[in-house]
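Single-structure report; data block below.
The values are calculated or read from the model by the stated rules, or taken from the named source; none is laboratory data. Remember, predicted model here, so these are calculated numbers, not experimental data. Using ideal geometry, Cβ is built from the backbone for each residue, glycine included, and neighbour counts are taken over all protein chains shown.
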Amino acid sequence: MPITCMRIEIRLISSSSVHALHVHCPRGGVFSMDLFSCPRCKTSSYQNPNMKLLVNICGHKLCESCVESLFIRPSGPCPECGVALRRNQYRQTQFTDQYVEKEIDIRKKILKDYNKTEDDFNNLREYNDYLEEIETIIYNLANNIDVEITREKIELYKKENQSVIVKNRQKMLRRDQLIRTELESERNELEMRNQLAHNKQLEHIKEKAKQQETLIQQLIHSSRPASEVVAEVKAIKQEPAETTTTILSKTQYKQQQGITSFDPVLMDDTSSCYLYHPLVIESYGPLVPTIEQLDQLGYLANVRSLDASSTAGGFSAGHICQRALQDSFSCLSLTQQQH
């Protein structure tokens, strides 16, 4: 069998901290793989698969080793743009695009101060203008457009709205705390219910094993036929006793833990079911024929036939005629004393 030789052409295309490895096969097909690399030490994920790239507020990436060596002190300049950075502000990258990472950091920082809600404005138009202003600020900082003017605008906004910023931050903290409390309570409740269900299952298994052991002992020591012993054990078998453990409802558990929330309280309705009584209308006039009687008495002969669009609501000519007769007969027998 002849041996076919293959020649593989590998091209490495570099762009900033991301490299694209293209493998061209002579028989057709291109295989590509993104390779992350550190712009300082040039180490790529191909050479070190465990390499972690970290990013700061400026958007430039460094590997974890370079960050440790450059930022021995708590702060230092960025090797690419020279912006003063802090070691604790570095985080692991989430996207391959540096611009996206930079915009995310800027957006988080801006939204900490620009935290007004729709309730802080007189109308929706003012709130939409406020949101548009936020996006303009983020775009300018991310694209290095009028950076100094934009920063002065931010500082002026912070001074003029300091009280509102603090109030909204406290409101957001309370909301986040409430959400965390709710999640923790639901997690504790789920664990408690799972534990109770597990204990009940263990008790059922123990009870079943005990009954089997009793049956075996009676079969060993009894001189009666096995069928009679089995029938007797089945006859005296009792249901397992109800556990006295009380499963708290969600509302009771929150009250016991001292948790307050705005969830609706579900009450056990022990009252009787609703019983429908037909509506009785006193018209003080002659009785109106039923819909079935209208056709027999000839009332519908004077009503024009309805088309499909007129009956789309579910009403027929009989309903319309009956309603007209109700209006006509109403209060015909009403006397002055009844009035």
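Out of the residues in the range 292-332 that are surrounded by 12 or more Cβ atoms within 10 Å (Cβ to Cβ) and touching a Pro at 6+ places or on another chain (Cβ under 8 Å), which is farthest from E282 (Cα to Cα)?
Ranking the qualifying residues of the range 292-332, first place goes to Y299.
For the range 191-224, how many residues are in a helix (DSSP H, G or I) and in contact with a helix residue (DSSP H, G or I) (Cβ under 6 Å, 6 or more places away or on another chain)?
Of the residues in that region, 3 qualify.
Has the range 185-193 got any residue that is under 30 Å from N50 (Cβ atoms) and either among the charged types (D, E, K, R) or at pLDDT 90 or above (or both)?
No; the residues of the range 185-193 include none that is under 30 Å from N50 (Cβ atoms) and either among the charged types (D, E, K, R) or at pLDDT 90 or above (or both).
Go through (1) among the aromatic types (F, W, Y); (2) within 22 Å of N56 (Cβ to Cβ); (3) over 27 Å from the mean Cα position of the chain (by Cα) and name the single condition F95 misses.
Evaluating F95 over (1) among the aromatic types (F, W, Y); (2) within 22 Å of N56 (Cβ to Cβ); (3) over 27 Å from the mean Cα position of the chain (by Cα) leaves (3) as the failure.
Filter the range 117-155 down to the residues that are touching a Phe, Trp or Tyr at 6+ places or on another chain (Cβ under 6 Å) and among the aromatic types (F, W, Y), then identify the one that is surrounded by the fewest Cβ atoms within 10 Å (Cβ to Cβ).
First, pick out the residues of the range 117-155 that are touching a Phe, Trp or Tyr at 6+ places or on another chain (Cβ under 6 Å): 118, 121, 127, 134.
If we keep only those that are among the aromatic types (F, W, Y) as well, we get 121, 127.
On the way: F121: 14, Y127: 16.
Filtering first and then ranking leaves F121.
Inspect the range 137-148 for any residue being part of a loop (DSSP other than H, G, I, E, B), among the acidic types (D, E) and touching a helix residue (DSSP H, G or I) at 6+ places or on another chain (Cβ under 6 Å) and give the result as yes or no.
Yes, that holds for at least one residue.
Tally time: how many residues in the range 277-333 are more than 49 Å from the chain's Cα centre (by Cα) and on the phi > 0 side of the Ramachandran plot?
Number of matching residues: 3.
Scan the range 149-176 and report the pairs whose first residue is outside any helix (DSSP H, G or I) and whose second residue is not acidic (D, E), with Cβ atoms within less than 9 Å and a gap of 6+ or a chain change.
N161/Y114; N161/K116
Quick check on this structure: which one of S283, S261 is surrounded by 10 or more Cβ atoms within 10 Å (Cβ to Cβ), modelled with pLDDT of 75 or more, assigned to a loop (DSSP other than H, G, I, E, B) and outside the structural domain of N188 (by TED's automatic domain parsing)?
Selected residue: S283, the only one of S283, S261 that is surrounded by 10 or more Cβ atoms within 10 Å (Cβ to Cβ), modelled with pLDDT of 75 or more, assigned to a loop (DSSP other than H, G, I, E, B) and outside the structural domain of N188 (by TED's automatic domain parsing).
Filtering the range 54-112 down to residues that are loosely packed, with under 14 Cβ neighbours inside 10 Å and of a type in the set (S, T, Y), which residue is nearest to E132 (Cα to Cα)?
For the range 54-112, the residue satisfying everything is Y99.
Within the bounds of the range 110-126, is there any residue that is of a type in the set (F, W, Y) and farther than 22 Å from P39 by Cα?
yes
Report those strands (runs of 3 or more DSSP E) wholly inside the range 41-131 carrying at least 1 residues which are of a type in the set (D, E, K, R).
61-63, 84-86
Check off (1) without any contact (Cβ under 8 Å) to a residue 40 or more places away in the chain; (2) within 30 Å of N115 (Cβ to Cβ) for H204 and give me the number that stays unchecked.
Every condition holds for H204 apart from (2).
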